[in-house]
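Here the structure is laid out as structure tokens; the discussion comes afterwards.
Rule-based calculations on the coordinates, nothing more; no lab input. Not measured: the values here are computed from a predicted model. Cβ atoms come from the backbone with ideal geometry, glycine included; neighbour counts cover every protein chain shown.
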Ligand SMILES: Cc1ncc(COP(=O)(O)O)c(C=O)c1O
């Protein structure tokens, strides 16, 4: 009989468990980082979009240590992924335990007890009464692929509506819905046919020209007043895909009235409402789902990123009656891998008992610090978001709202130089998406640093 291994100890790092704030010990990038970046240029695909030279080695909580021993406060969370923080001891323990028991068997061919448990728990938190079923994949784009296929399969319709600015992934089906940046589509030839894109509701920049703030209900009624009259009959539309808060497009929350109107229109025409909660879900907004703030009940929800604290896992959750595809219709060798599922189960425990509430509280704390920035900083056009999904839109001119991608880049780079990791979103927005376990001291430090960077950049123009 094989011996069962005892859990492995975490490797030593200068990030003590109580380290909460940055500590920079070299100029950036440090010598080891420079070496890795040079080799990366030689051997790694040039399609990645690195903004600044962080070469990460260790992570603990909201802190990341680079290869040269510099410690950063991480307000990017691996693109809104490490919901419980880096290497949460309970997540690490669950991964180690599961890895020692069974790493892989494939849920496509065999049954797994923890896959059933996770499906049941995800079904229970999905909005709407009635039983749900779950398909597991490895990434956000796979969750979207599954939703596209399921919607077409179930409705026997093939047309899909999506929104300008939305990002749904990069595999060819999901890419056909993505309308975020042309570079993401350029060079890849024709995509899925039958996809119609319409303007996304943006309260700050209403696509129909109304003053800000705007409910943008017209962004939903446009379906009936224009699209269903001129381009496609609603009886041929399988689904509408929407991010309830646009992520890569610039951290833009869809107004609640708009979401309710969109849901009403979908119901009226038998069109499935699919919420892409890959970035906004799993508690980031202070509720399980961003759509919960409006009270909508999507037919399908796509989840990934924060679901397993950094392990690759995605879920496509649908009403049980809707998930009516037959064996062999869709599957995945790795999707629902036991180690990832073990991480997800503990992640859900931590979110449920502590971190969703913490995301709500810390989101309010940050918003209280940041909401008046447009009145205090001439290059801040808008501050918006829910929970720990906050966007700060940078403009050249508050009146004309001319976008300032160059200034946004300076701000994000300055923050890095001061030890705070941030990312851009959309053309000109700074995204604030820390792990959901940050505390007030960290939120305060990040807000203060970001404001300092904004001040320095606006003083230089
Ligand atoms: C809303 C949304 N959907 C889908 C995706 C694709 O996820 P992945 O990169 O895991 O394929 C992303 C990634 O940023 C996303 O933000």
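Miscellaneous remarks
- Here the relative contact order of the chain, from alpha carbon pairs under 8 Å that lie six or more residues apart, stands at 20 percent.
- Mean Cα-pair separation over length for segment 54-203, i.e. relative contact order, pairs under 8 Å, 6 or more apart, %: 12 percent
- FRET efficiency, residue 210 to residue 101 (Cβ-Cβ, R0 56 Å, nearest 0.05): 0.50
- Here segment 237-341 carries DSSP beta bridges of which approximately 45% are antiparallel, counting only pairs with both residues inside.
- Global form of segment 187-297, assessed from the alpha-carbon gyration tensor, a/c cut-off 1.5: rounded
- Protection proxy ranking of 185-193, 411-419 - average other beta-carbon atoms within 10 Å, highest first: 411-419, 185-193
- Under the simplified labelling scheme, the residue 121-residue 34 pair shows an inter-label distance of 4.7 nm, with each label point 7 Å from Cα along Cα→Cβ.
- Percent antiparallel among DSSP beta bridges (both partners in segment 105-336, rounded to 5): 45 percent
- Annotation: peptides 23-29, 164-170, ranked by per-residue average of other Cβ atoms within 10 Å with the highest first, follow the order 164-170, 23-29.
- Spin-label proximity, residue 236 to segment 156-176 - amide N less than 15 Å from point 7 Å beyond Cα toward beta carbon: 156-161
- Most to least packed among 312-318, 291-297, 83-89, 221-227 [average Cβ atoms within 10 Å]: 312-318, 83-89, 291-297, 221-227
- Gyration tensor verdict on the chain (Cα atoms; rounded if a/c is under 1.5, prolate if a/b is larger than b/c, oblate otherwise): oblate
- Extension gain, residue 460 to residue 321, is 44.2 nm, computed as 0.36 nm per intervening residue step minus the present C-alpha separation.
- Computed helical MRE - 222 nm, the chain, DSSP H runs ≥ 4 contributing -39500 (n - 2.57), nearest 500: -10000 deg cm²/dmol
- Gyration tensor verdict on segment 167-233 (Cα atoms; rounded if a/c is under 1.5, prolate if a/b is larger than b/c, oblate otherwise): oblate
- When both bridge partners sit in the chain, DSSP labels roughly 70% of those beta bridges antiparallel.
- Note: relative contact order over segment 105-336, using C-alpha pairs below 8 Å and six or more positions apart, is 28 percent.
- You can think of it this way: the chain between residue 398 and residue 224 has 59.3 nm of extra reach, that is 0.36 nm per residue less the Cα-Cα gap.
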